Each structure stands twice: as structure tokens, then as C-alpha cells.
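Below you'll find the structure, written out as C-alpha cells, and then a few comments.
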Amino acid sequence: MKQIHQFFLIPGMIFIVGQTGNILQANEGTGEKSNQSGSQPNVIFLAMDDLNDWVTPLGYNQAKTPNMDRLAKLGVVFTSAQSPGVFCAPSRTAIMTGLNASTTGCYGEDPFQYDHPDLVTMQMAFKQGGYSTYGSGKIYHHRGGFVDLRGWDKYFARSQEVKNSGWEIGPYHMNDNPLPVPYPYSPYYTKTGREGGSALHLEWGPIANEKEDDMVDAIRTNWACSILQQKHDKPFFLALGLYSPHYPNYAPQKYFDMYNRDSIQLPPFKADDLDDLPEKIRKNMMNRSKQHRELEELGVLKDAIHGYLASVSFADAMLGRVLDALDASPEKNNTIIVFWSDQGFHHGEKMHWGKHTLWQRTSHVPFIWAGKGIPKNKKVNTSVSLIDMYPTFIELCHLPKVKNLEGVSLVSSLKKPNRSMDRNVFLPSNEKGSYAVINTNWRYIRYFDGGEELYNVKEDPNEWYNLAADEKYRPIMQNMQKSAPKVFAPEVTPKNELKLVVEGDSFHWEKKANKQN
């Protein structure tokens with residue numbers, strides 16, 4: 001029999017929640033619930049895409065991020081935060097389900113809803129906890145069929161075309177976003193004969209300033225600000241996912257003008273950086289390094305970084321709009337804002353342009369909490385993972401308990417940043433069985449074929465010297481292996497075996513007819 005999973009908006013519910021977070025009573029109803037005790041703070045959940053650790057709150061002085069700096073002064077910066085996935089889809093699935101890919105089997109570009117229709121995702125937990133829930137942009141993966149529509153009072157779509165595509169979120173997969181002139185703009189395309197596409201890698205370029213509010217990230221940000229301007233009778237969870245600075249790196253001209261191209265400092269490169277890697281990953285990365293060499297030959301390394309920095313500053317300006325709207329809101333003093341990025345991005349480090357690696361430039365991300373009950377201008381220097389957000393919200397916002405979440409609540413670190421304890425953080429790869437374990441001193445990487453890397457990140461922050469072959473470090477590696485699961489879940493049903501079926505403003509996935517067992 002054909003297996004079909006339906007996905008649609010859940011009707012409103014009235015939940016009475018005890019102080020421990022357990023549901024005492026749940027009745028069908030209008031979804032209205034007053035936050036009579038005021039114990040549940042509003043939450044603004046703001047994500048950027050492919051934003052690495054090149055931001056001032058993490059000590060990088062080249063990017064101009066005044067609003068991230070502003071937010072950092074208002075709250076707590078986690079300086080050693082790691083993503084739970086090595087690219088968008090698995091990272092966001094882990095964040096929103098609270099489960100690692102090694103548990104769900106969602107290692108790649110997989111719609112978790114098909115194989116795991118019963119998982120309670122983050123917005124559902126907020127809804128069950130009595131919150132109004134609003135979402136916009138790239139919270140889940142941006143391709144059609146990936147947004148989990150359950151549990152939202154309102155998920156903003158900029159057009160009917162978005163809904164007709166199964167809620168395709170990516171701005172450059174449709175024709176409603178301003179483009180630079182000429183298009184494509186970067187020499188990686190214009191000087192090599194490559195043709196443009198819907199998601200251009202190593203492409204950058206300025207947009208006319210007067211078109212800023214026509215850009216999808218601005219449209220979504222303005223919508224989120226309109227939610228903050230409304231009167232709220234119960235606590236709200238407002239999720240805003242920006243696409244910037246994900247490639248193509250398009251931003252209004254004024255953000256390019258914030259930087260002097262000739263003064264841009266390149267990240268440090270090491271010519272023989274790949275020589276001490278395990279054979280398989282070394283061959284793979286040597287092949288990918290062709291992109292770096294081509295950018296060098298074109299003389300556009302600084303131009304590529306210029307485009308990224310401009311996109312970072314544009315995204316920072318969108319954060320500023322949200323902060324301004326919150327400041328003008330009556331909910332200002334009862335709201336927490338959580339700022340994060342799904343994973344980072346290499347700009348030539350280890351000769352790589354992109355993500356999908358278990359190294360620092362992919363996994364180290366900005367992570368800032370500010371607002372009600374959170375101390376100001378503090379830093380937590382111990383290792384944490386973005387998968388920790390879900391259990392933190394459960395405790396901090398008095399939400400119903402959700403079983404088997406794999407992160408760790410950060411409430412104690414938020415309350416007493418100076419007393420936070422370091423721990424090993426687990427990061428699964430997009431290849432089943434490959435992973436990294438990270439703490440403030442070490443990064444241990446193990447590949448499914450047995451290849452290993454070990455870096456002393458205190459003494460070697462660029463991860464240039466692989467120590468895995470030195471037997472004196474074997475006890476460290478064996479100890480870090482204990483933080484990885486002994487069994488990795490089988491991969492979920494591959495996307496290419498599924499068909500996306502759009503039904504009105506909703507959708508579901510079903511098995512392709514020729515893929516039935």
C-alpha cells in the first residue's frame with residue numbers, strides 16, 4: 001500500500017501548563033491563552049544562513065556588524081558555539097527536532113517529515129506551551145517541501161508562487177528578487193563562460209540601493225517587525241530566517257561601499273595544508289581546491305570576500321530593524337532574542353570554498369542570547385551546540401516536556417556565565433559514521449573509513465597540523481570517541497525516491513511509484 005503522510009496547520013489548542021513545564025490540561029479551542037503569570041517570555045528566534053565566525057562579537061575585526069555588537073552588549077555571547085550539521089538541511093533539522101542526524105538518519109538533504117511524522121518540532125512545542133507562533137524565511141531548509149508547517153499560527157509566504165512550489169523559501173529560485181547588473185556579476189562566471197543558475201556558487205554583486213526593500217530578506221524582516229508592532233494577549237514565538245549571507249552574495253551597493261576592496265585582509269592560507277589529511281578526504285579536498293586556484297588566477301580572492309562581507313553587513317542591518325522594532329514595542333522588557341547561524345563557510349581555508357566539512361570554519365558560528373532575565377555584556381567561552389536551543393527553551397519558557405532531546409539546557413550558563421563548564425560537543429557529518437567531537441582545547445575528527453584528524457585548537461586555531469598520527473595523543477582521541485554514538489541510524493528515505501505533492505497551500509511527500517518495495 002502507498003504510504004502517505006499529510007502535513008497541515010494544527011488547529012488551535014488551549015493548554016494549561018504547570019510550573020515544571022508539564023501539561024496539566026489540554027483542550028481543543030481557539031488557541032487563545034493569556035500569559036497571566038508573565039513567567040513565559042516572548043522569543044525572537046533570528047537565524048542567518050552560512051554566517052561563519054567573521055563577526056566582531058567573536059573577535060573578528062574586519063566585518064562591520066554594529067547590530068550584532070549592539071545585541072552582544074545586551075546579552076550573552078557563546079564564543080565556542082558549534083553547529084549540529086555541516087550544511088543547511090541536516091543542521092536545521094537537528095536544531096528544530098532537537099535530535100542529531102545520527103539519531104534521525106537525516107544526514108543530507110532529507111525531508112525528515114516523511115520518515116518521522118511524529119516528531120514534535122520546536123514551533124509545535126511553543127504552540128503546545130501556550131504561545132502564538134509566527135515564522136518567516138529560512139528556518140527549515142529552503143527547498144520546496146522542507147518547511148514544517150505544523151504548529152504555526154502564521155508562516156509568512158511572500159507570494160502564492162512560494163506556496164505553489166511547496167513553500168520554496170530560497171530567494172534566487174524564483175524571479176521576484178532584484179539582481180545585479182550584469183547578471184551573473186562575478187568573474188567566476190563572466191570570465192570563464194559558466195552559465196548562471198538559480199543558486200550561483202562564488203557569485204557576488206551589488207544591488208541598487210533603492211531596491212533594498214524589494215529584497216526577500218528585507219520583505220521578511222519588515223513582516224516580522226509588523227508582528228512586533230501588534231498587541232499580543234499571550235506570549236509569542238517569532239522565528240525569522242534570513243537567507244543572507246548565503247551565496248550568491250548580493251547586497252545593496254551601500255553595503256559594498258562600507259569596505260575598501262583593496263584593504264581587505266585574506267584569511268591565512270597554508271600551501272601544504274592538505275598534505276597530512278587521511279587519504280580519502282585529502283583527495284576530495286584537493287579536487288575542491290581547484291576553485292581556490294581559479295579565484296587566485298582570476299585575481300578575485302578579495303572581491304569574493306568583499307561580496308561576503310557586504311552580505312554580512314546587509315544581514316546585520318536586518319537584525320537592526322528587528323532590534324529597533326522590539327525597542328519600540330511594549331513587549332521589549334518581556335522578550336528574549338536568540339541569534340544564530342546554521343553553519344559557517346570556508347573562504348579558502350584548507351583551500352576550500354563552501355561548507356560540508358568537519359573543520360572549524362564550517363562548524364564555529366555566532367550564538368547570542370539577550371533579553372529578559374539574561375545578564376548583559378557577558379561571554380561564555382565553553383563549548384556548546386545549537387542543538388542545545390530546544391531544551392533551553394523547554395526550561396526557560398516553561399514548555400511541555402519533549403522526550404529524548406539530545407542537547408543540553410543552557411539556562412545555567414545564561415544565568416551564571418562565569419560558571420559554565422566545558423564539555424565535548426558532537427557534530428555528525430553528512431556521511432553516515434563520520435563525525436567530529438569538539439571542546440575548547442581539541443577537535444577530533446573520525447571518518448567512517450577509519451581516517452582520523454586531531455587538532456590542538458588552542459595552539460593551532462587554523463587547524464593546520466593534524467596530530468592524529470602521533471601515538472602520544474591516542475588517549476585524547478579515545479576519550480573523545482566516547483562522546484560519539486556507538487550506533488548511527490540508517491539513512492532516511494532518500495529525497496530522490498520521494499515525490500512532493502502540493503495540495504492547495506500545503507503539501508506532503510509520498511513514495512514514487514517505481515520505488516515501492
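Here are the numbers:
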item	result
Residue within the range 456-471 that is touching a Gly at 6+ places or on another chain (Cβ under 8 Å), assigned to a loop (DSSP other than H, G, I, E, B), hydrophobic (A, V, I, L, M, F, W, C) and buried (at least 18 other Cβ atoms within 10 Å of the Cβ) present	no
Residue 480 being touching a Phe, Trp or Tyr at 6+ places or on another chain (Cβ under 8 Å) and either in a helix (DSSP H, G or I) or farther than 29 Å from residue 118 by Cα (or both)	yes
Subset of the range 226-241 [among the aliphatic types (A, V, I, L, M) and exposed (fewer than 12 other Cβ atoms within 10 Å of the Cβ)]	none
Per-region count, the range 483-517, residues part of a helix (DSSP H, G or I) and surrounded by fewer than 16 Cβ atoms within 10 Å (Cβ to Cβ)	5
Matching residues, the range 138-149, being surrounded by fewer than 21 Cβ atoms within 10 Å (Cβ to Cβ) and within 20 Å of residue 45 (Cα to Cα)	149
The listed residue being part of a loop (DSSP other than H, G, I, E, B), farther than 18 Å from residue 310 by Cα and among the basic types (Lys, Arg), out of 283, 270	270
Enumerated strands (runs of 3 or more DSSP E) restricted to the range 51-156, each holding at least 1 residues that are in contact with a Pro (Cβ under 8 Å, 6 or more places away or on another chain) and at pLDDT 95 or above	75-82, 132-137
Qualifying positions in the range 397-413 - outside any loop (DSSP other than H, G, I, E, B) and crowded, with 22+ Cβ neighbours inside 10 Å	413
Failed condition for residue 375, given (1) under 22 Å from residue 108 (Cβ atoms); (2) over 20 Å from the mean Cα position of the chain (by Cα)	(1)
Filter result (closer than 17 Å to residue 50 by Cβ and not acidic (Asp, Glu)) within the range 192-204	198, 199, 200, 201, 202, 204
Unique residue being surrounded by fewer than 22 Cβ atoms within 10 Å (Cβ to Cβ), among the acidic types (Asp, Glu), free of Cβ contacts under 8 Å to residues at least 12 places away in the same chain and farther than 20 Å from residue 102 by Cβ when the list is 327, 422	327
Checklist (1) of a type in the set (Lys, Arg); (2) under 25 Å from residue 352 (Cβ atoms); (3) touching a residue at least 24 places away in the same chain (Cβ under 8 Å); (4) part of a loop (DSSP other than H, G, I, E, B) applied to residue 443, failing item	(4)
Complete set of residues in the range 301-348 that are in a loop (DSSP other than H, G, I, E, B) and over 19 Å from residue 246 (Cβ atoms)	328, 329, 330, 331
Residues of the range 359-389 satisfying the condition of being in a helix (DSSP H, G or I) and β-branched (Val, Ile, Thr)	362, 387
Members of the range 210-225 that are over 13 Å from residue 156 (Cα atoms) and either exposed (fewer than 13 other Cβ atoms within 10 Å of the Cβ) or of a type in the set (Asp, Glu) (or both)	210, 212, 213, 214
Sole exception among (1) free of Cβ contacts under 8 Å to residues at least 60 places away in the same chain; (2) in contact with a helix residue (DSSP H, G or I) (Cβ under 7 Å, 6 or more places away or on another chain) for residue 472, by number	(2)
Subset of the range 111-142 (residues that are in contact with a strand residue (DSSP E or B) (Cβ under 9 Å, 6 or more places away or on another chain) and more than 30 Å from residue 39 (Cβ to Cβ))	111, 113, 114, 117, 138, 142
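Let's see how each residue does on (1) under 26 Å from residue 333 (Cα atoms); (2) part of a loop (DSSP other than H, G, I, E, B):
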| position | (1), (2) |
| --- | --- |
| 192 | no, yes |
| 198 | no, yes |
| 205 | no, no |
| 222 | yes, no |
| 228 | yes, no |
| 237 | yes, no |
| 240 | yes, no |
| 243 | no, yes |
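The values are calculated or read from the model by the stated rules, or taken from the named source; none is laboratory data. Computed from a prediction, not measured in an experiment: that's the story for all the values here. Here the Cβ is made from the backbone with ideal geometry for all residues, glycine too, and neighbour counts use every protein chain on show.
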